[in-house]
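Enquirer: First, the structure itself, so that you have it in front of you.
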Amino acid sequence: MEKWFNVGKIVNTHGIRGEVRVISRTDFADERYKVGNSLFLFQNNQETPIELKITSHRKHKNFDLLTFEGYQNVNDVVGFKEGLLKVPESYLEALDEDEYYFHEIIGCKVLTTADEELGTIREILTPGANDVWVIQAKKGKDILIPYIEEIVKEINIPNKTIIIEPMEGLL
């Protein structure tokens with residue numbers, strides 16, 4: 001059975017020429033949304049996904065705006081709202097050393113260099129210069145950790161553990 005990975009959610013249409021607004025959940029938006037690539041639309045009421053070939057991609061505010069081959073009008077894409085865009089595992093490319101897909105990091109247990117367990121990574125935010133990992137704390141509020149060398153000391157994907165050196169005031 002094919003394993004699928006979520007790369008975005010269509011939240012609305014944009015304009016009248018078939019463009020959709022996507023909240024991206026992919027690690028590499030520019031590569032994933034490249035013109036000519038295919039994405040698969042999963043909707044609540046459909047058993048099989050619809051394959052969509054990208055004809056344009058641009059950024060607008062916090063959204064990725066996409067158009068698809070054969071869908072040139074807002075009326076063609078209005079039904080795509082709330083649909084999830086996914087790719088099969090076979091579309092994932094090998095990464096360089098010290099690069100990771102979001103799905104490899106989400107779910108990892110986070111420990112400090114003093115062996116204190118902080119919690120589990122539940123989400124990754126991409127606000128700008130570096131990613132921010134959201135740790136669901138064992139107790140209390142979520143902990144936000146910037147993914148930078150000074151803090152993240154070791155990532156062990158097979159064991160699903162990450163060791164960090166918290167900066168003063170981080171916790």
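Only the coordinates and a few stated rules stand behind these numbers; no lab work does. Not measured: the values here are computed from a predicted model. Neighbour counts run over all protein chains shown; Cβ positions are idealised from the backbone, glycine included.
Enquirer: Just need the relative contact order of the stretch 4-91 here, percent rounded to a whole number, with Cα pairs under 8 Å and 6+ apart.
Expert: 42
Enquirer: Please give me the summed charge of the neighbours of Asp30: other residues whose Cβ is under 12 Å from its Cβ, Lys and Arg +1, Asp and Glu -1.
Expert: Every neighbour counted, the sum reads +1.
Enquirer: Which value, in debye to the nearest 20, gives the size of the charge dipole of the stretch 1-132 about its Cα centre, when Lys and Arg are +1 and Asp and Glu are -1 at the Cβ?
Expert: Its charge dipole is roughly 920 debye.
Enquirer: Now for a different question. Let me have the relative contact order for the stretch 102-164, percent, based on Cα pairs under 8 Å that are six or more residues apart.
Expert: Worked out over the stretch 102-164, it gives 31 percent.
Enquirer: Could you tell me which GluC sites (Glu not before Pro) in the stretch 31-113 are loop residues by DSSP with no more than 11 other beta carbons within 10 angstrom of their beta carbon?
Expert: Glu47, Glu82, Glu93, Glu97, Glu99
Enquirer: Taking the alpha carbon gyration tensor of the chain, what are the square roots of 5 times its eigenvalues, largest first, to the nearest whole Å?
Expert: 35, 16, 15
Enquirer: Right, next: What residue among Ser90, Ile163, Asn12 has its Cα farthest toward the positive end of the dipole of the chain, where the charges are +1 on Lys, Arg and -1 on Asp, Glu, each on the Cβ?
Expert: The residue sitting most towards the positive pole is Asn12.
Enquirer: Separate question: Under 1.5 on a/c is rounded, so check that first for the stretch 102-164, then, if it is not, pick prolate when a/b is larger than b/c and oblate when it is not; a ≥ b ≥ c are the square roots of the alpha carbon gyration tensor eigenvalues.
Expert: Cα axes put the stretch 102-164 in the rounded bin.
Enquirer: Still on this model: Which value in deg cm²/dmol, rounded to the nearest 500, describes the helix-derived mean residue ellipticity at 222 nm for the chain, given -39,500 (n - 2.57) per DSSP H run of n ≥ 4 and division by the residue count?
Expert: Helix contribution divided over all residues of the chain: -1000 deg cm²/dmol.
Enquirer: Over the chain, what is the relative contact order in percent, taking alpha-carbon pairs closer than 8 angstrom and at least six residues apart?
Expert: RCO, the chain: 18 percent.
Enquirer: Here's another thing I want to ask about it. Taking the Cα centroid of the stretch 1-51 and of the stretch 92-171, what is the distance between the two, rounded to the nearest whole Å?
Expert: With the stretch 1-51 and the stretch 92-171 each reduced to a Cα centre, they are spaced 26 Å.
Enquirer: While we're on this one: Ranking request for peptides 139-146, 127-134: highest mean number of other beta-carbon atoms within 10 Å first, then the rest in descending order.
Expert: My ranking of the peptides, most packed first, is 127-134, 139-146.
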